[in-house]
Amino acid sequence: MDFYVAKDCENISFFKDHPDLVKFYPGSEPVWTGYPVDFGQFPSIKEYALQHHAVLTMDDYDPPIHLSIDDIVFKIL
């Protein structure tokens, strides 16, 4: 699973593609736009991504970070 993480002055967003930085209205803060990721029934993936060092150290409007999940370990409970 590949996705991009972008941060603006309001929040951190997750996108399927490399997002663009746009300004919708004069005087408003620019925001990132693109195809949002829907984590569906796996919100823990989003939480893991939010704990990644690169995401934690992002400043507002830094270039988006491309994250890739290569392997997920499942445990039988």
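Being part of a helix (DSSP H, G or I) and of a type outside the set (Ser, Thr, Tyr) is the filter here; which residues of the range 44-77 pass it? Walk me through how you get there before you give the answer.
We begin by selecting, within the range 44-77, every residue part of a helix (DSSP H, G or I); these are 44-50, 53-56.
Answer for the range 44-77, where residues must be part of a helix (DSSP H, G or I) and of a type outside the set (Ser, Thr, Tyr): ILE45, LYS46, GLU47, ALA49, LEU50, HIS53, ALA54, VAL55, LEU56.
Out of all the residues in the range 18-41, which are under 16 Å from VAL5 (Cβ atoms) and either in contact with a His (Cβ under 8 Å, 6 or more places away or on another chain) or free of Cβ contacts under 8 Å to residues at least 24 places away in the same chain (or both)?
Let us first name the residues in the range 18-41 that are under 16 Å from VAL5 (Cβ atoms), namely 18-21, 31-39.
Of everything in the range 18-41, those that are under 16 Å from VAL5 (Cβ atoms) and either in contact with a His (Cβ under 8 Å, 6 or more places away or on another chain) or free of Cβ contacts under 8 Å to residues at least 24 places away in the same chain (or both) turn out to be HIS18, ASP20, VAL31, THR33, GLY34, TYR35, PRO36, ASP38.
Quick one: is ILE72 of a type outside the set (Phe, Trp, Tyr), surrounded by 14 or more Cβ atoms within 10 Å (Cβ to Cβ) and more than 11 Å from ALA6 (Cβ to Cβ)? It would help to see each step written out before you state the result.
Working: of a type outside the set (Phe, Trp, Tyr): yes; surrounded by 14 or more Cβ atoms within 10 Å (Cβ to Cβ): no; more than 11 Å from ALA6 (Cβ to Cβ): yes.
Taking the combined requirement at face value, the residue does not satisfy it.
So if I check each of SER28, SER13, which one is surrounded by 11 or more Cβ atoms within 10 Å (Cβ to Cβ) and either over 30 Å from ILE72 (Cα atoms) or of a type in the set (Gly, Ala, Ser) (or both)?
After ruling out the rest, the residue left standing is SER13.
Residue under question is PHE39, and the condition is that it be modelled with pLDDT under 95, in a loop (DSSP other than H, G, I, E, B), over 25 Å from VAL73 (Cα atoms) and of a type in the set (Phe, Trp, Tyr); does it hold?
Numbers: modelled with pLDDT under 95: yes; in a loop (DSSP other than H, G, I, E, B): yes; over 25 Å from VAL73 (Cα atoms): no; of a type in the set (Phe, Trp, Tyr): yes.
No.
The values are calculated or read from the model by the stated rules, or taken from the named source; none is laboratory data. Everything numeric here is computed off the predicted structure, so don't read it as measured data. All Cβ positions, even for glycine, are placed from backbone atoms using ideal geometry, and neighbour counts span all protein chains on display.
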